[in-house]
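J.: Pasting a structure here, questions to come.
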Amino acid sequence: MSDELEKLLKFSQLNGYRFQLLKECVHRGDLVPFVGAGLSRDSGFPLWHDFVLDMGSKASVLPQVQSMLKAGDYEGALDAVHTKLGEKLTRTFIRASFGPRRIDTKQIGGAVRYLPSLARGPVVTTNYDCILECVYESAQESFDKCVIGARVDPVADVVSEAKHFLLKVHGTFDESESQLLSRSDYDKYYGTKSSGKFDPALVLPKLMLRIFGSMPLLFLGCSLTDDRTMALLDYLHRDREGAAARHFAIIEET
């Protein structure tokens, strides 16, 4: 046992029990990684916080963006950048920052390299980048299909069939129409966050409630801040009692 793992297990009296449950999910083959930007950082991609700050500087709205990020308003910060730069230029920067030319497969680093041995079923991410496609392809475990969250019908079909698929909830770097950029985009696909309620008929609540409710997820490289995804998971536990599967997260000590 590594020193880091031993430290993690001793951090809480329940961590040993939780780790055993996590291992059982891996052995059954039903664990679904939910991957955030933290797992892409070691391969040369920016954290979302750093990317939005850089965009704020380019758009000459850095003080406004810094204030919003400090308050945890990531959607508002991106909205300010999007409004100032315009849609075309914003999407150009996204492609330049998260596209495949940023990856040298020989230099893929960090924990993301181990995902193909951990999970060979569905993988979920809110990232635009292509690190997961590259890692699984390098391990000769290429995804059967890559599906985009806003396209709920094909996603629902794939989820039902439990294939080895990659779900990119907020879009991907090379499909502009798939990317959630503005607050209005999030409102359109998630519903209004401030109400604390989600309409299960909307695209992403319909999809995420299905996944959260039926599959054990392991959150990796995620900040787990008060964003739409976490608000949706909270709603599932509060208002849809008994609907959620057991989920896990590995996070830094605070």
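The values are calculated or read from the model by the stated rules, or taken from the named source; none is laboratory data. Everything numeric here is computed off the predicted structure, so don't read it as measured data. Using ideal geometry, Cβ is built from the backbone for each residue, glycine included, and neighbour counts are taken over all protein chains shown.
J.: Given the conditions (1) under 18 Å from residue 221 (Cβ atoms); (2) surrounded by fewer than 21 Cβ atoms within 10 Å (Cβ to Cβ); (3) at pLDDT below 90, which single one is not true for residue 136?
T.: Evaluating residue 136 over (1) under 18 Å from residue 221 (Cβ atoms); (2) surrounded by fewer than 21 Cβ atoms within 10 Å (Cβ to Cβ); (3) at pLDDT below 90 leaves (3) as the failure.
For (1) of a type outside the set (Val, Ile, Thr); (2) more than 28 Å from residue 192 (Cα to Cα); (3) modelled with pLDDT of 90 or more; (4) in contact with a Leu (Cβ under 7 Å, 6 or more places away or on another chain), each residue gets a yes or a no:
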{"residue": "64", "(1), (2), (3), (4)": "yes, no, yes, no"}
{"residue": "79", "(1), (2), (3), (4)": "yes, no, yes, no"}
{"residue": "85", "(1), (2), (3), (4)": "yes, no, yes, no"}
{"residue": "92", "(1), (2), (3), (4)": "no, no, yes, no"}
{"residue": "102", "(1), (2), (3), (4)": "yes, yes, no, no"}
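J.: Condition first: more than 13 Å from the chain's Cα centre (by Cα), within 15 Å of residue 246 (Cα to Cα) and crowded, with 18+ Cβ neighbours inside 10 Å. Now tell me which residues in the stretch 199-210 satisfy that.
T.: Passing the criteria: only 209.
J.: Give the stretch 11-43 a look and list any residue that's at pLDDT 85 or above and in a loop (DSSP other than H, G, I, E, B), or say none.
T.: Answer for the stretch 11-43, where residues must be at pLDDT 85 or above and in a loop (DSSP other than H, G, I, E, B): 29, 30, 31, 36, 40.
J.: Please verify whether residue 167 is part of a strand (DSSP E or B), buried (at least 17 other Cβ atoms within 10 Å of the Cβ) and modelled with pLDDT of 75 or more, treating the condition exactly as stated.
T.: Here the answer is yes, as residue 167 does meet what is asked.
J.: Restricting the first residue to the stretch 237-251 and requiring it to be loosely packed, with under 13 Cβ neighbours inside 10 Å and assigned to a loop (DSSP other than H, G, I, E, B), which pairs with a second residue that is hydrophobic (A, V, I, L, M, F, W, C) and modelled with pLDDT of 75 or more meet a Cβ separation below 7 Å and a spacing of at least six or different chains?
T.: Listed by first residue and then by second, the contacts come to 246/21; 251/224.
J.: Another one. Given the criterion at pLDDT 80 or above and either outside any loop (DSSP other than H, G, I, E, B) or in contact with a Ser or Thr (Cβ under 8 Å, 6 or more places away or on another chain) (or both), identify the matching residue among 180, 209, 115.
T.: Step by step, each of 180, 209, 115 is checked, and only 115 is at pLDDT 80 or above and either outside any loop (DSSP other than H, G, I, E, B) or in contact with a Ser or Thr (Cβ under 8 Å, 6 or more places away or on another chain) (or both).
J.: Return the total of residues in the stretch 32-85 being out of contact with any Lys or Arg (no Cβ under 7 Å at 6 or more places or on another chain) and of a type in the set (Asp, Glu).
T.: So the answer is 4.
J.: If we keep just the residues of the stretch 73-128 that are without any contact (Cβ under 8 Å) to a residue 40 or more places away in the chain and hydrophobic (A, V, I, L, M, F, W, C), which is surrounded by the fewest Cβ atoms within 10 Å (Cβ to Cβ)?
T.: Of everything passing the filter in the stretch 73-128, 96 is surrounded by the fewest Cβ atoms within 10 Å (Cβ to Cβ).
J.: Next question. Out of all the residues in the stretch 28-72, which are among the small types (Gly, Ala, Ser), surrounded by fewer than 17 Cβ atoms within 10 Å (Cβ to Cβ) and touching a residue at least 60 places away in the same chain (Cβ under 8 Å)?
T.: The answer is 29, 44, 72.
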